[in-house]
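The values are calculated or read from the model by the stated rules, or taken from the named source; none is laboratory data. Note that the structure is a prediction, hence the values are computed from the model and not measured. Cβ placement follows ideal geometry from the backbone for every residue including glycine, while neighbour counts extend to all protein chains displayed.
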Amino acid sequence: MTVDIAQSKARGIASIYNSAVAAWAIAALWEIGALDELHRNRTLDAADFARRGGLDVQSTTGLFRALSAVGLVLRQDTVVTPLDGFDEMYRDKSFFHWLGRGSAELFQQIPAVLRTENRTGDHYRRDPAAIAYACREIDQVTYAPTFRAALDRVDFPFTRVADLGCGSGARLMQILDRYPGTTGIGVDIARPSIDVAVKEAAEAGFAERAEFLQGDVLRLERRPEYDDVELLTCFMMGHDFWPRENCVATLRRLREVFPAARRLLIGDATRTSLPDTELPVFTLGFELGHDLMGTFLPTIEDWQSVFEEGGWELVRTNRIEMTVGEVIFELA
Ligand SMILES: C[S@@+](CC[C@H](N)C(=O)[O-])C[C@H]1O[C@@H](n2cnc3c(N)ncnc32)[C@H](O)[C@@H]1O
């Protein structure tokens with residue numbers, strides 16, 4: 001009996017370890033296109049995939065071995081087929097990428113990041129281009145349908161839009177695509193994200209209608225390009241407005257910098273209060289990651305308490321609350 005308990009504990013610990021390796025594998029297999037191919041064809045030969053892509057056969061097979069170890073695929077030598085749970089993991093793959101590619105350096109450096117003497121200025125590093133890559137799909141999984149409904153509720157014609165913290169520019173391009181005759185500006189603090197956005201806007205045929213500027217949304221100055229923006233959107237960076245006094249000041253500043261703005265849509269994650277043993281995918285990594293970065297995560301109630309003071313009227317709160325307390329506020 002004792003032996004059985006000891007063995008099952010050992011299996012439990014092995015499964016925690018193997019899950020950690022599998023999380024890295026999911027992020028990588030998505031980025032190299034292998035997850036998409038397996039999802040589409042329902043079978044994949046890792047060796048063949050590796051050779052076609054100029055990848056190391058042994059390591060590529062090893063990534064699928066990690067998926068097999070946690071029961072996501074059945075592996076027979078180099079050939080794999082999906083098992084129960086694969087499609088759910090496939091839907092959630094961007095959360096693994098956020099952790100294992102975009103935020104890897106932050107988690108790798110935890111002992112240094114924890115030290116209070118180090119927690120000033122840029123005390124951590126993440127990969128902005130990888131974060132933008134994951135966020136594009138996180139958006140589709142979480143915010144996209146509610147965002148489209150919020151756009152449909154904008155009750156005035158608009159021709160100019162600005163997206164704050166635009167990342168790879170996907171949201172701005174979605175809006176331009178949906179509303180012909182509009183033009184837009186994306187603002188982001190990270191040069192790599194701006195470079196990706198400029199390139200992808202050109203490829204998608206939006207070069208004439210979209211421009212991207214590097215800038216800090218928390219310290220924007222008026223510029224002619226902002227004067228006639230009527231619709232403002234800000235997704236997955238609103239928590240950077242906080243703490244409270246800064247958030248109120250930023251909301252007020254947006255009114256001055258964008259004098260023609262009539263609607264502001266803020267979509268973001270909020271702090272959850274679920275029991276430790278009931279946390280869904282993403283919540284734990286997202287909240288610990290933001291604690292490590294020293295970023296305050298407001299609750300929905302925190303947000304609702306600042307709008308009036310910030311000069312905006314809350315028209316509607318859309319609670320999505322899929323993994324990390326996602327919400328979209330419609331402000332006028
Ligand atoms: C999580 S990503 C979200 C990207 C995009 N808004 C989306 O919905 O997919 C957050 C983005 O906000 C940008 N960001 C963070 N702080 C910023 C600031 N103070 N000013 C401008 N951009 C900022 C980051 O560089 C990153 O591209």
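Only one of ASP87, ASP152, ASP92, ASP163 is closer than 28 Å to GLU225 by Cα and in contact (Cβ under 8 Å) with a residue 24 or more places away in the chain. Can you tell me which? Walk me through how you get there before you give the answer.
On the way: ASP87 fails: closer than 28 Å to GLU225 by Cα; ASP152 fails: in contact (Cβ under 8 Å) with a residue 24 or more places away in the chain; ASP92 fails: closer than 28 Å to GLU225 by Cα.
Answer to the check: ASP163.
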In segment 274-300, which residue that is more than 14 Å from the ligand (Cβ to nearest atom) and in contact (Cβ under 8 Å) with a residue 24 or more places away in the chain is farthest from ASP139 (Cα to Cα)? LEU292
Considering residues that are touching a helix residue (DSSP H, G or I) at 6+ places or on another chain (Cβ under 8 Å) and part of a strand (DSSP E or B), the number found within segment 69-80 is 5
Filter segment 251-263 down to the residues that are within 14 Å of the ligand (Cβ to nearest atom) and in contact with a strand residue (DSSP E or B) (Cβ under 7 Å, 6 or more places away or on another chain) and list them by number. LEU254
Out of (1) in contact with a strand residue (DSSP E or B) (Cβ under 8 Å, 6 or more places away or on another chain); (2) within 14 Å of ARG136 (Cβ to Cβ), the one ALA170 does not meet is (1)
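Just to be sure before I move on: is GLY267 in contact with a strand residue (DSSP E or B) (Cβ under 6 Å, 6 or more places away or on another chain) and not aromatic (Phe, Trp, Tyr) in the structure I sent? Spell out how you get there, then give the answer.
Numbers: in contact with a strand residue (DSSP E or B) (Cβ under 6 Å, 6 or more places away or on another chain): yes; not aromatic (Phe, Trp, Tyr): yes.
Criteria met by GLY267.
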Looking at the structure I just gave you, is LEU213 touching a Ser or Thr at 6+ places or on another chain (Cβ under 6 Å) and over 21 Å from THR317 (Cα atoms)? no
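Among the candidates GLU203, GLU211, GLU221, which residue alone is of a type in the set (Asp, Glu), more than 22 Å from ALA130 (Cα to Cα) and at pLDDT 95 or above? Explain how you work it out, then say what you get.
Working: GLU203 fails: more than 22 Å from ALA130 (Cα to Cα); GLU211 fails: more than 22 Å from ALA130 (Cα to Cα).
Matching residue, one of GLU203, GLU211, GLU221: GLU221.
Could you tell me whether segment 214-222 includes any residue that is more than 15 Å from the ligand (Cβ to nearest atom) and farther than 16 Å from ARG136 by Cα? Quick ask: steps written out before the conclusion?
Of the residues in segment 214-222, the ones more than 15 Å from the ligand (Cβ to nearest atom) are 222.
If we keep only those that are farther than 16 Å from ARG136 by Cα as well, we get 222.
Yes: one or more hits.
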Answer with yes or no whether ARG263 is charged (D, E, K, R) and under 28 Å from ASP92 (Cβ atoms). no
List the number of the failed condition for ALA47; all other conditions in (1) closer than 26 Å to GLU137 by Cα; (2) in contact (Cβ under 8 Å) with a residue 12 or more places away in the chain hold. (1)
Among the residues of segment 155-190, the number that are surrounded by 18 or more Cβ atoms within 10 Å (Cβ to Cβ), of a type outside the set (S, T, N, Q) and either within 17 Å of LEU331 (Cα to Cα) or more than 10 Å from the ligand (Cβ to nearest atom) (or both) is 11
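Restricting attention to helices (runs of 4 or more DSSP H) lying wholly within segment 214-314, give those where 3 or more residues are in contact with a helix residue (DSSP H, G or I) (Cβ under 7 Å, 6 or more places away or on another chain) and within 25 Å of THR116 (Cα to Cα). Lay out the reasoning, then the answer.
Numbers: elements: 244-257, 283-293, 300-304.
Of the helices (runs of 4 or more DSSP H) lying wholly inside segment 214-314, those with at least 3 residues that are in contact with a helix residue (DSSP H, G or I) (Cβ under 7 Å, 6 or more places away or on another chain) and within 25 Å of THR116 (Cα to Cα) span 283-293.
If I filter segment 152-169 for residues that are assigned to a helix (DSSP H, G or I) and touching a Lys or Arg at 6+ places or on another chain (Cβ under 9 Å), do I get at least one hit?
Within segment 152-169, the first condition is being assigned to a helix (DSSP H, G or I), and the residues that meet it are 152.
Going one step further and asking which of them are touching a Lys or Arg at 6+ places or on another chain (Cβ under 9 Å), we end up with none.
No, segment 152-169 contains no residue that is assigned to a helix (DSSP H, G or I) and touching a Lys or Arg at 6+ places or on another chain (Cβ under 9 Å).
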